[in-house]
1. Restricting to the chain, what percent of DSSP beta bridges are antiparallel, rounded to 5?
2. Can you give me the P(r) profile for the chain? Cα pairs, bins 20 angstrom wide beginning at 0, each as a whole percent.
3. Rounded to whole Å, give me the distance from the Cα center of the range 164-207 to that of the range 258-303.
4. Can you give me the Cα centroid spacing of the range 1-57 and the range 304-340 in angstrom?
5. For the chain, what does the relative contact order come out to in percent, with C-alpha contacts under 8 Å and a separation of six or more?
6. Mind telling me which of Ser71, Ser362, Ser248 comes out most flexible in a GNM of the chain, alpha-carbon contacts under 10 Å?
7. Pairs of Cα atoms under 8 Å, at least six residues apart: use those to get the relative contact order of the range 145-285, whole percent.
8. Let me have the 222 nm mean residue ellipticity of the chain computed from DSSP H runs of 4+ only, each contributing -39500 (n - 2.57), with the sum over all residues rounded to the nearest 500.
Amino acid sequence: MFDYMIIGAGFAGSVLAERLASHGSKVLVVDRRNHIGGNAYDFYNDAGILVHKYGPHIFHTNSEKVFQYLSRFTEWRPYEHRVQTSVDGQLVPMPINVDTLNKLFGLNLTCQQVEGFLQSLAEPREKIVTSEDVVVSKVGRDLYEKFFRNYTRKQWDLDPSELDASVAARVPVRTTRDDRYFTDKFQAMPLHGYTRMFEKMLDHPNIRIMLNTDYNDIKDEISFRKLIFTGPVDEYFDYCYGKLPYRSLNFVHQTHDREVYQPAAVVNYPNEHAYTRITEFKYLTGQEHAKTSIVFECPTAEGDPYYPIPQPQNAELYAKYKALAEALPDVHFAGRLGTYKYYNMDQVVAQSLTLAEKLRQSKPVRPATSVVHLTSTLLSTSETVQALEENDGAAA
Ligand code: FAD
Ligand code: UDP
């Protein structure tokens, strides 16, 4: 009998498993893939280069709590991500900054002058509702068309005017020379990769892991008190209100017989090609190698659900599933798919830490007979919980 069965070994499932196990619960983690780590899984390919199977994952957060928590399981390699984008036949920094504009238009504007320049291009909007509004109101139509419109259409198969403002708002516009993709306080990559970090997180005597196993195939075979589901929430409810839309990607991995492939970690291609961007992994990991590995991201409607699609009608549909979820006292949903949110890794960690704390406070009460039996097998009695909490405190 497990206290918790957790479906999904990605960030959500692994953080919850680690937290609950550390507080004395016995946990089974199940994933239908043949590896842990979810979409953040990385591995050494045949050439010996560390690559991210499901596209580039760059860790960044403003949350000290999240960063400190993950630091229990990994050392870090400081890394600030930089992206170039291919526009009008040249590569320029993305997000749009002073250098982007000067290079694109052959100008020599200062930071102060750029503010006025952008204001002269911007189309004021009364309300910012869509991704088109966000961009056009800051940089005007021409730059919107060059940098955002086609990339977004390719990535989502939707016009920016059909997508929530929050999507394009992920990418700022700067009136400085800062060419970093993110400005978060903590920006770093796990020194030995994400998978190693997940291995450490899940290495606990109270955690068991079952890979290559779909929840549906074992749900009636295993005894557990509570379920945590980090797969797609609509799938859990057999799509009873219809399918929640997700966007997928095909990842095309290549290794080239040269040391460097491109001038930046990521090059975006808004206006040409079927793919949106190419990532060269050695920039992210700092690995030195005579060869180099890259990945192309080709958006598609079919395939694994990677991106919840932020649109009002989808939020409404999700709200119906959420209501069903909330009516189940012993089932909890977490993560990007379980809560249908376009979350970064750090947001999923924060969400999972909060849920773990809530669950710890409402710990399942065991029948008296099982307590006697389970005490000897390191399960949650008040004594063992206290001891684990003390260890926990020391680790923190
Ligand atoms: P997942 O990682 O998707 O894990 C869910 C797991 O559940 C999966 O392993 C799946 O196999 C399993 N599962 C689902 N259903 C079942 C079932 N029925 N039975 C058994 N197992 C099941 N975030 C960043 O912060 N920085 C980035 O640079 C970044 N880049 C990204 C790039 C791409 C291309 C993508 C797609 C995402 C990126 N993200 C990035 C987001 C990041 O991947 C997510 O925030 C994070 O991985 C979500 O973790 P999760 O545990 O919620 O979901
Ligand atoms: N985007 C764009 N042009 C770019 C980069 C991003 O139009 O060069 C838009 C696009 O809609 C994309 C969104 O901004 O889906 C968010 O970009 P981000 O790089 O955060 O996407 P992710 O890494 O999550 O795929």
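Throughout, read-outs are computed from the coordinates displayed, never taken from laboratory work. This is a predicted model, so every value here is computed, not measured. Positions of Cβ are generated from backbone atoms using ideal geometry, with glycine treated the same way; all protein chains shown enter the neighbour counts.
1. Antiparallel: roughly 65 percent of the beta bridges in the chain.
2. Taking every Cα pair in the chain, the percentages come to 25, 53, 20, 2.
3. The distance from the Cα centre of the range 164-207 to that of the range 258-303 comes to 17 Å.
4. About 20 Å separates the Cα centre of the range 1-57 from the one of the range 304-340.
5. That works out to 26 percent.
6. Ser362
7. Taking the mean separation of contacting Cα pairs over the length of the range 145-285, I get 34 percent.
8. Helix contribution divided over all residues of the chain: -10000 deg cm²/dmol.
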